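A short write-up of the structure that comes next.
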2 protein chains.
Amino acid sequence: MKNGRVAVVGVGLHPFGRFPDKAVEDLGREAALEALRDAGLSYKDVEAGFLGRVTQLGIGVGQRVFGELGLTGIPVTNVELACASSSRAVMHAADLIRSGAVEVAMVIGVEKMERGMLQPGGERSYQALLGLTILPGAYAMMARRHMHLYGTKPEHFAKVSVKSHKNAVHNPYAQYRTELTLEEVLNSRMIADPITLYQCCPTSDGASAVVLASERRARQLSNQPVYLTAWAGGTPIFDPDEPGLSEGPTALLARKVYQAASISPQDVGVCQVHDAFSPGEIFTIEELGFVKPGEGGPFVWEGGTEITGRLPVNTDGGLLSRGHPMGATGGAMITEIVRQLRGQAGPRQVADPKVGLVQNAGIGGVNVLAFQV
Amino acid sequence: MKNGRVAVVGVGLHPFGRFPDKAVEDLGREAALEALRDAGLSYKDVEAGFLGRVTQLGIGVGQRVFGELGLTGIPVTNVELACASSSRAVMHAADLIRSGAVEVAMVIGVEKMERGMLQPGGERSYQALLGLTILPGAYAMMARRHMHLYGTKPEHFAKVSVKSHKNAVHNPYAQYRTELTLEEVLNSRMIADPITLYQCCPTSDGASAVVLASERRARQLSNQPVYLTAWAGGTPIFDPDEPGLSEGPTALLARKVYQAASISPQDVGVCQVHDAFSPGEIFTIEELGFVKPGEGGPFVWEGGTEITGRLPVNTDGGLLSRGHPMGATGGAMITEIVRQLRGQAGPRQVADPKVGLVQNAGIGGVNVLAFQV
């Protein structure tokens, strides 16, 4: 894969939170300018653009956001894959570079959210007709199944949130930077048993940007390139004989990515997973092969996913406390992995990671991406 | 580009028109099944999916449409580029194949439209604030400019619609299959001078599907492959010194495509262009280099773009009479080019074309694609 290597050369974020006075164009522009500065590139170096967004569904959102950076005439494609939109957009940008069509591409992810907006949609939403109208319900059912099968405890799930909030204190871009105790998490309002309020990601505004380049171009830049060495996406397949314990085909995709990148789970030094609700971290570290099925709860409980643990997970606070502006989330996960692999994560820096993994899940799709220095 | 050749191996449509009793899932499934039959493939052969749509903006439309075909777990990405969504999706599918990641990919384009839905959007729509709220107005201003610069006449624009309606009579998938006289077109209700009602594309429902494959895979199939030999996309750049006479950077993209495919405009035997309003055909054949600037009107008037003319354009009726379900349009253009290049266009067949060109324009983006047998 020597000629085909794709590098991430710049990453940037607009802080996550609530920004009622800013337009998505502002959020996207600020993240993009940070990523371009990080890369040491100017916008005219970018040959193709992708925008990930979910609720900003007017026509041509990407055209307006990229238009804030200049009118260079590059193609801009708007991509939607629910909460996994911008990581999927990064995959397509990487495909484009690997195909040889361009040397530099940029992905911007943006979102300004409103409360209560996420309902399963469509003219044939069997799930909604059957009463499964919100996502915490789906996560809670999977959590209950995990508890039944493996003896996982509500405290295990709550610990995920305690750990992630602790990490977010050290992330200036995070929406919530306040530590929570286990009692505070467990005693917050019940949303869908066993998931309490502080185990749910917030409603967020924010933006992320990722600049990708060919290996040749990356070597001309001053920053240490971080290589995107393998990526795979897929759609959940519901097996009626064994109801899934996560949102999707993470285990299958992870095996593909490990093989393509010639790595094993033991090589991964830092990981970002889709913790829209706290059980997500436990399901996902099992599916990614870091621990055996059923061992996720105790592993988290014993600190295995803390920054100082065997497998640091969601070092930036994750969706739970960094925030989850849907279209921006994948790019934010990648931003954190890149900063960790470069050793730029400051007080939340993991000790010398060489391989980073991103798992980003949305309604209808999951992406797994491996990064290496 | 020998290893990198990408083939279109299957095309399919759901008829364009008004289908209030069908869901987008029905429209998309029917088009997809026709394309798979055409390719001699089954859905389990498809390794990646893309969905182009504009107004069907709920989360995961592509997941629902592809879900109608089976649950194979392939990644499905939703793409939006206004009226050029599905041709852009075809480009990304082709990039994916050229990168070596997959051998077979499918693009489905769908749309169910409502009247009066197209308004320039966004929190900063300067155009809307200035009163340019609908697209016929923009086309009319460009048409007026063309008349002023070159002496183009309203009859020239009207002739485009007469020709396209004549072609659509022979297209069983077309929304309008009735011939119109020049007088009927000119005397229909004025929408934005010089554009009358019968020079505007209709509000449409419909779907298209395109199956793409690597050259290696294409050679194993029984159908004659049609190669997608070059493709380029871009974003309009408004030059205040010379207001554009089309929706975008068509001329620049065409030059890129001709060079990449080692062809010239003289090689093109059949062409599909974005005639959302009748002046579009005249602007575009000039920008694509088939005639000099200002010669488009007389060329159309003298029959140059008829099926028997020097450069047959919109042989299936174009947006004006085949219809324009936005997300499906690019795939429909490609479908017609593929059928023409294979000699399968029946009573609207052009005499032995070897090269076909598609120009698909949307708010915020233009795509030009070259096809060859």
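The values are calculated or read from the model by the stated rules, or taken from the named source; none is laboratory data. Note that this is a predicted model, so its numbers are computed, not measured. Note that we place each Cβ from the backbone using ideal geometry, even for glycine, and neighbour counts take in every protein chain shown.
So the values come out like this:
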item	result
Region B:323-351: number of residues that are out of contact with any Phe, Trp or Tyr (no Cβ under 8 Å at 6 or more places or on another chain) and farther than 21 Å from B:LYS166 by Cβ	5
Any hit, region A:333-343, residues being in a helix (DSSP H, G or I) and surrounded by fewer than 21 Cβ atoms within 10 Å (Cβ to Cβ)	yes
Candidates B:GLY109, B:GLY151 - the one that is loosely packed, with under 14 Cβ neighbours inside 10 Å and either modelled with pLDDT of 95 or more or in the same structural domain as B:ARG216 (by TED's automatic domain parsing) (or both)	B:GLY151
Odd one out for A:ALA138 among (1) within 26 Å of A:ALA213 (Cβ to Cβ); (2) modelled with pLDDT under 95	(1)
Helices (runs of 4 or more DSSP H) enclosed by region B:5-102 - at least 2 residues per element that are away from every other protein chain (no Cβ under 13 Å)	B:24-39
Residue identified as modelled with pLDDT of 95 or more, surrounded by 24 or more Cβ atoms within 10 Å (Cβ to Cβ), in a loop (DSSP other than H, G, I, E, B) and in contact with a Cys (Cβ under 9 Å, 6 or more places away or on another chain) among A:GLY330, A:GLY323	A:GLY323
Candidate set from region B:359-373 (those that are surrounded by fewer than 24 Cβ atoms within 10 Å (Cβ to Cβ) and more than 14 Å from every other protein chain (Cβ to nearest Cβ)); member that is nearest to B:LYS256 (Cα to Cα)	B:GLN372
All positions within region A:303-320 that are of a type in the set (Lys, Arg) and assigned to a helix (DSSP H, G or I)	none
The lone exception for B:GLY296 - which of (1) more than 16 Å from B:ARG144 (Cα to Cα); (2) in contact with a helix residue (DSSP H, G or I) (Cβ under 7 Å, 6 or more places away or on another chain) it fails	(1)
Scan of region B:326-362 for residues that are within 14 Å of the chain's Cα centre (by Cα) and more than 15 Å from B:VAL210 (Cβ to Cβ), ordered by number	B:MET326, B:LEU357, B:GLN359, B:ALA361, B:GLY362
Filter result for the condition that a residue is outside any loop (DSSP other than H, G, I, E, B), over 18 Å from the mean Cα position of the chain (by Cα), hydrophobic (A, V, I, L, M, F, W, C) and within 14 Å of chain B (Cβ to nearest Cβ), over A:ALA260, A:ALA232, A:ALA218, A:ALA251	A:ALA260
Residue match in region B:312-326 (condition: touching a Gly at 6+ places or on another chain (Cβ under 7 Å) and in contact (Cβ under 8 Å) with a residue 12 or more places away in the chain)	yes
Index of the failed condition, A:ASN78 passing every other in (1) touching a residue at least 40 places away in the same chain (Cβ under 8 Å); (2) within 19 Å of the chain's Cα centre (by Cα); (3) under 22 Å from A:GLY206 (Cβ atoms)	(1)
Near pairs, Cβ below 8 angstrom, 6+ apart or cross-chain, from region A:345-373 (without any contact (Cβ under 8 Å) to a residue 24 or more places away in the chain) to any residue that is part of a strand (DSSP E or B)	none
Number of positions in region B:39-58 that are crowded, with 22+ Cβ neighbours inside 10 Å and farther than 20 Å from B:ARG88 by Cβ	1
Among (1) facing chain B (nearest Cβ under 8 Å); (2) modelled with pLDDT of 85 or more; (3) under 23 Å from the mean Cα position of the chain (by Cα), the one test that A:GLY121 misses	(2)
